[in-house]
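S.K.: My questions will all concern the structure given below.
Any read-out appearing in this document is the output of simple, stated calculations on the displayed coordinates, not a laboratory observation. Keep in mind that what you see is a predicted model, and the values were worked out from it rather than measured. Using ideal geometry, Cβ is built from the backbone for each residue, glycine included, and neighbour counts are taken over all protein chains shown.
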Amino acid sequence: MSDTPAPVAIIMGSQSDWSTMRHAAETLDELGVAHEALIISAHRTTQRLYDFATGARKAGFKVIIAGAGGAAHLPGMTAAMTTLPVFGVPVESKALSGQDSLLSIVQMPGGIPVGTLAIGRAGAINAALLATAVLALSDEALADRLDTWREDLTASIPLRPVDSE
Ligand code: RP5
């Protein structure tokens, strides 16, 4: 095991968010980016949130991915307590299909930024790719892996559609 701290924290409001947020973890795995996944609720574990957000930079994290659903205050509250980049992933809620999550995360007041992604799996994947792009600014080997990941994606798209039935 490496002594170097993981550069990416993936935080989420609940265990129930993991089925979405695991896509961020899997994408970071594909890119060889170390990460730590933690359940931190803005409402149910306020002290845990405070301790994490105020200590995140000192703990060695460089980027935070925060996913939450419903009244999704986690990304914004985290961003309020750190100047590390925070990417928010709106988790698809049962009641309002994630539109509540999206609007809760995206409408931050000027001065406290959260980079808001799409609702659900696509947002989780793209948050991981953005986190990687930030880290790749100062890591050429990682930039190469990110380019290769994108080339592989492009190569995987067929030219012609096929019947699925
Ligand atoms: C939010 O409430 C969490 O981020 C989750 O998306 C949602 C529901 O949480 P559970 O009731 O499933 O724990 O805080």
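S.K.: Could you give the alpha-carbon Rg of the range 8-155 over 2.2 N^0.38 Å, rounded to two decimals? It would help to have the intermediate numbers written out before the result.
M.R.: Values: Rg = 14.5 Å, N = 148, 2.2 N^0.38 = 14.7 Å.
Dividing the Cα Rg of the range 8-155 by 2.2 N^0.38 Å gives 0.98.
S.K.: I would also like to ask the following. Cut-off 18 Å, label point 7 angstrom out along Cα-to-Cβ of THR148: give me the residues of the range 18-38 whose amide nitrogen falls inside.
M.R.: Within reach of a label on THR148, which here means backbone N under 18 Å from a point 7 Å along Cα→Cβ, the range 18-38 contributes 26-34.
S.K.: Separate question: Only helical DSSP H runs with n ≥ 4 go in: add -39500 (n - 2.57) per run for the chain, normalise by residue count and round the 222 nm mean residue ellipticity to 500 deg cm²/dmol. Intermediate results must be reported in sequence, preceding the final value.
M.R.: Numbers: 6 runs with 71 residues, N = 165.
Rounded to the nearest 500, the figure is -13500 deg cm²/dmol.
S.K.: Please sort by residue number the trypsin sites (Lys or Arg not before Pro) in the range 84-159 whose DSSP state is loop and whose Cβ has at most 10 other Cβ atoms within 10 Å.
M.R.: On the way: sites: LYS94, ARG121, ARG145, ARG150; in loops: LYS94.
Answer in residue order: LYS94.
S.K.: List the relative contact order of the chain as a percent without decimals, with contacts defined as Cα pairs under 8 Å and 6+ residues apart. Each step should come with its number before you reach the end.
M.R.: Working: 298 pairs, mean separation 35.6, N = 165.
Answer for the chain is 22 percent.
S.K.: Simple spin-label model, 7 Å along Cα-to-Cβ: ASP163 to THR4 in nm?
M.R.: Modelled inter-label distance: 5.2 nm.
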